[in-house]
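K.L.:
Mind looking over this structure? Questions follow.
The values are calculated or read from the model by the stated rules, or taken from the named source; none is laboratory data. It should be emphasised that the depicted structure is a prediction, and the values quoted were computed from it without experimental measurement. Here the Cβ positions follow ideal geometry from the backbone for every residue, glycine too, while neighbour counts run over all protein chains shown. Quick note on the areas: whole protein, heavy atoms, side chains included, nothing else; ligands and nucleic acids left out. Shrake-Rupley method; radii C 1.70, N 1.55, O 1.52, S 1.80 Å.
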Amino acid sequence: MPLIRPFAGLCPAPNRAAEVAAPPYDVLDSNEARQRAADKPWSFLHISKPEIDLAPDIDPYDPRVYAKGKENFERMLREGVLQQDPAPCYYLYRLIMGSHQQIGLVAAARVSDYDNNRIRKHEFTRPDKEDDRVRQIDSLSAQTGPVFLTYKHSTVIDELVAHAVTAAPDIDITADTGVRHSIWRVTDSARIDLITRTFDAMDCLYIADGHHRSAAASRVAAARKAANPNHNGEEPYNYFLSVIFPDNQMQILDYNRVIRDLDGQTPDSFLAAVSKAFTVEKTGGQCKPARAGEFGMYLKGQWYRLTIKPELVPQDDPVKRLDVSLLQDNLIEPVLGIADPRRDKRIDFVGGIRGLTELERRVNSGEMAVAFALHPTSMAQLMAVADAGEVMPPKSTWFEPKLADGLVSHLLD
């Protein structure tokens, strides 16, 4: 069976995409989603965050939430706001944010290739978040949140994409974030076949974002296979919704850290402890790291440039040499006493899209005591970790721009 295949997607009806498209379900909390969907009856947030249509104090994992999502989904189908394409096809999805542009392929990726690690992972998943996505997929019998995949770029695909996007897009909207989302259908059978064969010749794909969605798709597929005495491997549940971008177009931003207190230390004693593993220099303004191994630190209204001492950088471990690991292993844990950044409430994480001013704000407000700005993880580093079968530390990558929910969904019935 091929690594990817075309499918008959569920898309907004002509001229309805701007009403439907919504941010990914996991970048907004319930209150933010409620505000974003106000006066937008066809926003996909009514499907991806259906608690917004129930009492404000409802648990987002309450069974009534999934039932409401199904109800809203069926209403959008019944009213013709969402319509299934008549035949399987691929889709090209272009994102433009400022001067950055990337074009990916919307495809159904094979679950068994996720299971056997041909679609490679780099993060642990949390059972509660997996359970949530399983319930959401099962209630809709559809995958509505695409998994963000990447591949080592191919000139064959580049040429095919360049030709296809010369036509007018089938969907072309600009979200309220300023990001432009454009989609083209690829319906020509020869091009579809070329895409399928080219991807099937690749050694692997990599998950960039969407580990819980892909893990949930695997669990749904296993359950439906077990319940289907006529299972043949061709059923839609054997595949999961994905958007696949070439590695050389991906944009990873920094993922920064803020810490609530200095673990009982004075600023001077803290700086002295930091200087054991880093060279410490005051800067005249914001310090945005220019290279790997360099960090910005904001403390008591002052920015510092921290540079890891070279002898502390492991040469043969793709995880331990990541900047997020170097900061955690040489400062956050030994100096600040935070051994488990996944669970410790003294640490928080700030996506680079919010800028260094957000780090200053969190510290200046008194909410946090110190902030750290990191250099972004690279795609090569992410792939090296996945190829080694290892796992990235938490909050290692922040991808921008984000995909929209609701533009293409994958039905399982």
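K.L.:
Output the 0 to 90 degree angle, nearest 10, between the alpha-carbon long axis of helix 155-164 and the longest principal axis computed from the alpha carbons of the chain.
P.N.:
Value to nearest ten degrees: 60.
K.L.:
May I pose another question? P(r) tail for region 49-95, what percent of Cα pairs lie past 17 Å?
P.N.:
That fraction is 53 percent.
K.L.:
Based on the alpha-carbon set only, what is the convex hull volume of region 216-271 divided per residue, in Å³?
P.N.:
In region 216-271, the Cα convex hull volume per residue is 173 Å³.
K.L.:
Please report, as a whole percent, how much of the solvent-accessible surface of region 228-351 comes from carbon and sulfur atoms (probe radius 1.4 Å). Please list the in-between numbers first.
P.N.:
Values: 2670 of 5700 Å².
With neighbouring chains kept in place, the figure for region 228-351 is 47 percent.
K.L.:
Out of every Cα pair in region 202-248, what percent are spaced more than 17 Å from each other?
P.N.:
Result: 44 percent of Cα pairs exceed 17 Å.
K.L.:
So, one more: Counting heavy atoms of the protein chains only and a 1.4 Å probe, report the per residue accessible area for region 203-263 as a whole number of Å².
P.N.:
On a per-residue basis, region 203-263 sits at 35 Å².
K.L.:
Take the solvent-accessible surface of the protein heavy atoms, probe 1.4 Å, and return the percent of it on region 354-413 that carbon and sulfur atoms account for. Intermediate values should be presented prior to the final figure.
P.N.:
Values: 1010 of 2060 Å².
With neighbouring chains kept in place, the figure for region 354-413 is 49 percent.
K.L.:
Now for a separate question. In the Gaussian network model of the chain, springs joining C-alpha atoms below 10 Å, which of ASP170, ASP57, ASP340 carries the largest mean-square fluctuation?
P.N.:
Between ASP170, ASP57, ASP340, it is ASP57 that shows the largest mean-square fluctuation.
K.L.:
Over region 73-187, what is the mean sequence separation of C-alpha contacts under 8 Å (at least six apart), divided by residue count, expressed as relative contact order in percent?
P.N.:
RCO, region 73-187: 37 percent.
K.L.:
Across all directions of projection, what mean area in square nanometres is found for the Cα convex hull of region 69-213?
P.N.:
Working: hull surface 42.4 nm².
The orientation-averaged projected area of the Cα hull of region 69-213 comes to 10.6 nm².
K.L.:
Nearest 0.05, what FRET efficiency do VAL313 and LYS152 give at R0 = 30 Å with Cβ-Cβ as r?
P.N.:
After rounding, the FRET efficiency stands at 0.70.
K.L.:
Which one, HIS231, HIS211, HIS181, has the greatest fluctuation when you compute a Gaussian network model over the chain with C-alpha springs under 10 angstrom?
P.N.:
For the chain, modelled as a Gaussian network with Cα springs under 10 Å, the answer is HIS231.
K.L.:
Still on this model: Residue-wise, which Karplus ³J(HN,Hα) couplings in Hz belong to region 128-140, taking 6.51 cos²θ - 1.76 cosθ + 1.60, θ = phi - 60°, and x for glycine or proline?
P.N.:
My calculation for region 128-140 gives 5, 6, 4, 4, 4, 5, 4, 5, 5, 5, 5, 5, 8 Hz in order.
K.L.:
Kindly report the accessible area of region 1-80 per residue (heavy atoms of protein chains, probe 1.4 Å, no ligands, DNA or RNA), in Å².
P.N.:
Accessible area per residue, region 1-80: 49 Å².
K.L.:
In square angstrom, what is the accessible area per residue of region 104-202 with a 1.4 angstrom probe? Walk me through the numbers before you get to the answer.
P.N.:
Values: 4450 Å² over 99 residues.
Spelled out: the 1.4 Å probe surface of region 104-202, per residue, equals 45 Å².
K.L.:
For q values of 0.09, 0.12 Å⁻¹, compute log₁₀ I(q)/I(0) with the Debye formula on a Cα-only model of the chain, without solvent.
P.N.:
Each listed q corresponds, in turn, to -0.60, -1.02.
K.L.:
Carbon-plus-sulfur fraction of the accessible area of region 111-163, 1.4 Å probe, in percent? Let's see the in-between values first.
P.N.:
Working: 1210 of 2340 Å².
The value for region 111-163 is 51 percent carbon and sulfur by accessible area.
K.L.:
Could I ask something else about it? Just to check I understand the Karplus step: with θ = phi - 60° and J = 6.51 cos²θ - 1.76 cosθ + 1.60, what whole-Hz values come out for region 289-304, glycine and proline as x?
P.N.:
x, 9, 7, 4, x, 10, 9, x, 9, 10, 9, 6, x, 10, 8, 10
K.L.:
Still on this model: What list of ³J(HN,Hα) values in whole Hz, one per residue of region 189-201 in order, does the Karplus curve 6.51 cos²θ - 1.76 cosθ + 1.60 (θ = phi - 60°) give from phi, with Gly and Pro shown as x?
P.N.:
With coefficients 6.51, -1.76 and 1.60, one gets 5, 5, 5, 4, 5, 5, 4, 4, 5, 5, 5, 5, 7 Hz.
K.L.:
State to the nearest 20 debye the size of the charge dipole of region 249-366 about its Cα centre, where the only charges are +1 on K and R beta carbons and -1 on D and E beta carbons. Don't skip to the answer; put the middle values down first.
P.N.:
Details: 18 positive and 17 negative charges, 66 e Å.
Here region 249-366 has a charge dipole of around 320 debye.
K.L.:
P(r) tail for region 194-319, what percent of Cα pairs lie past 25 Å?
P.N.:
Percent of Cα pairs beyond 25 Å in region 194-319: 55.
K.L.:
From Cα pairs below 8 angstrom and at least 6 apart in sequence, can you work out the relative contact order of the chain, rounded to a whole percent? Let's see the in-between values first.
P.N.:
Working: 753 pairs, mean separation 100.5, N = 413.
Value for the chain: 24 percent.
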